[in-house]
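The values are calculated or read from the model by the stated rules, or taken from the named source; none is laboratory data. Note that the structure is predicted; figures quoted are calculated from it, not measured. Cβ placement follows ideal geometry from the backbone for every residue including glycine, while neighbour counts extend to all protein chains displayed. Each accessible area value is taken on the protein alone, full model and side chains, heavy atoms only, with ligands, DNA and RNA left out. Shrake-Rupley method; radii C 1.70, N 1.55, O 1.52, S 1.80 Å.
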Amino acid sequence: MNIGRTGPQHTAHTRTAPTALLVTALLLALLGLLPGAGPARATTPKAPGATAPGAKSPAAMNRATTPTPTPAPKAPSAAPAAAGDPVETRVDFAGAGGTVLHGLVLTPPTATARHRGPGLVMVPGAGPGPLGELRPAAEAYARRGITTLIFDKRTDGYSMTHRDYGQLADDALAAVRLLRARPEVAPGRVGLWGLSEGAWVVSLAAARSGDVAYLVTAGAVGLTPARQQAWAYDGYLRHAGVSGSLRTALPDSSVRVLAAAGLFPEADYDPVPVWERVHQPVLAEWGTLDREAAPEESAAIIRQALDRAGNTHYTLRTVPGVRHNLHLTDDDGYDRPDRLPPDYAEAETAWIQRLATALPAASADPAPHQDTLSHALAPLPWYQRTWAEAVATLLCLTGFAGYALTGAARRIRRRPRSAALPRAARWAAATGTAALLGGLGYLFFLMVTAAMFPGPVLLGRPVVWLAVQLLAVVAVGSAGVAACTALRRRAALAATRGLDRARLGALLLASAVFVPWALSWGLLLP
């Protein structure tokens, strides 16, 4: 959800959705039911680096309903560690705008103030971002001699429909300052690590501050979020065996409509101008089975941007057999098991340690191959713009659902049905309502789940989508029969109550609007 440009620091603001899909997305996001959504939590700023062993867990942060002050910092406490295990210390620090962020420092067991080593702040990809997500990866770095800091992503200003990469970059820089002040860390050897969306964040942070000594990225994207998301949706559908209209409705129409409605935050963020201002050493990595970052294109885009910046100290590395976040995969990169390779962080740690003696020369592995290339998303046609979608959806929903609901109310009140009303009208009302809500609801489900679970596929269509298409066909056919019957019964209809005539008129108008609406969303296309 997924979801500004040069040093893009603009914030995507939520607006009213033009369709039932967009209204549903907004409501669920506001209720905290979607990834990245959650109540805001802002507290009084505290001095960076203050520690608090009793810091709230990520789950407790996300359950908060009102801003609550963080307890006064206490003396640091380190959990006992077994031989070779990192020493952990809970910390609190003030991020952008004074929001208190809770973190965890993982220190190599051999680290001392007399022998300071490198440090690494890790920033997760899109979503809520509790620090537990990155803990296994952070521990892998710490066991190899890198002091790492992971922290809960803010809930104040970050949700499925609202985020600001500039704000997240300031959070990352606050974490860098905290780590630079640690006695076991060499201040000039603290870098940033970012995954996916986190790569947009850490590159922006590095472009802003010389406190960042180096960058490590996993699955960095060189495209805009909207273009990248459309490419990834199409890849997951293709992998599931889907063909036909859904391959346009989800990756193209849905993404463009959400972006136009303001429900796809930072949809047009352009990372290229930021990478053109990055002068620190960079280690950018992509898995050969990365199905989300458009790695072949992204690697070329980022390399060219670094070349334009005059940065000659980058290493672009392709990691065999791993997926988007450099984890193992059981389904060619189209799944998300949380299993690290045995040698995770080994090559990265060696690269970081070598920076103490020599900067790397520019080098790049062949980028992972993409079966298809991404494409720029065209501007929306007039009939899919916000106002047109709003009008069409409301007309269809009012005509179809209104006819069905008023008929149900009449039966409950035991009032006789007018014999002049076509029986086919009831079929059109029921199937039209089901097709409208079912189609939008299924598209919304696919967006929330990143198109990973389209369900069983029959004849190149997910069974759910095929059922919705059949409902749409029945609705249009029933409406046509109802219209023909109404023409034959004009005299009888003229003698019926005005409410019945209004109901039927609204239904037929909804049916007329539904045909082009359903065509634009692929419900009436193969």
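Summarise the long-distance tail of P(r) for segment 218-298 by giving the % of C-alpha pairs beyond 20 Å. Tail fraction, whole percent: 41. Of the peptides 295-304, 237-246, the ranking by mean beta-carbon count within 10 Å, highest at the top, reads 295-304, 237-246.
Amide H contacts of LEU326: GLY287, each under 5 Å away and 5 or more positions distant or on a separate chain (H built 1.01 Å from N in the peptide plane; Pro and chain starts excluded). For LEU524, nonlocal amide neighbours, meaning residues 5 or more places apart or on other chains whose placed amide H falls under 5 Å from its own, are LEU519. Annotation: per residue accessible area for segment 74-209 equals 30 Å², rounded to a whole number [probe 1.4 Å, protein chains only]. Here the contact order of segment 173-321, divided by its residue count and restricted to Cα pairs under 8 Å and six or more residues apart, works out to 26 percent. Backbone phi angles across segment 175-190, fed through the Karplus curve with coefficients 6.51, -1.76 and 1.60 (θ = phi - 60°), yield HN-Hα couplings of 5, 4, 4, 4, 5, 4, 8, 5, x, 8, 10, 6, x, x, 10, 9 Hz in residue order; Gly and Pro are listed as x. With θ taken as phi - 60° and the Karplus curve 6.51 cos²θ - 1.76 cosθ + 1.60 applied, the whole-hertz 3J(HN,Hα) list for segment 354-363 is 5, 4, 5, 10, 7, 7, x, 7, 4, 8 Hz, x standing for glycine and proline.
When Rg and Dmax are taken over the Cα atoms of segment 432-526, they come to 16.7, 54 Å. Shape summary of segment 128-203, radius of gyration then Dmax from alpha carbon positions: 12.9, 39 Å. In a simple Cβ point-charge model (Lys, Arg +1; Asp, Glu -1; nothing else charged), segment 253-336 has a dipole of about 260 debye relative to its Cα centre. Less than 5 angstrom separates the built amide H of GLY194 from those of VAL123, VAL216, THR217, ALA218, all sequence-distant by 5 or more or on a different chain. Using a 1.4 Å probe over the heavy atoms of the protein chains, calculate the carbon and sulfur portion of the accessible area of segment 478-526 as a whole percent. For segment 478-526, the apolar C and S fraction of the accessible surface comes to 71 percent.
Listed values for segment 89-105 are Karplus-derived 3J(HN,Hα) couplings in whole Hz (6.51 cos²θ - 1.76 cosθ + 1.60, θ = phi - 60°), namely 9, 6, 9, 10, 8, 8, x, 4, x, x, 5, 7, 10, 9, x, 9, 9, and x replaces Gly and Pro. May I ask for the distance between the Cα centers of segment 109-123 and segment 227-287, given as a whole number of Å? Cα centroid to Cα centroid, the span is 36 Å.
Quick one: Cα centre-to-centre distance for segment 165-207 and segment 309-386, in angstrom? The distance from the Cα centre of segment 165-207 to that of segment 309-386 comes to 19 Å.
Size of segment 345-406: Rg and Dmax of its alpha carbons, in Å, are 27.4, 79.
Rolling a 1.4 angstrom probe over segment 296-375 with all protein chains present gives an accessible area of which 52% lies on carbon and sulfur atoms. Share of segment 80-181's accessible area from carbon and sulfur, percent, 1.4 Å? Answer for segment 80-181 is 50 percent, counting heavy atoms of protein chains only.
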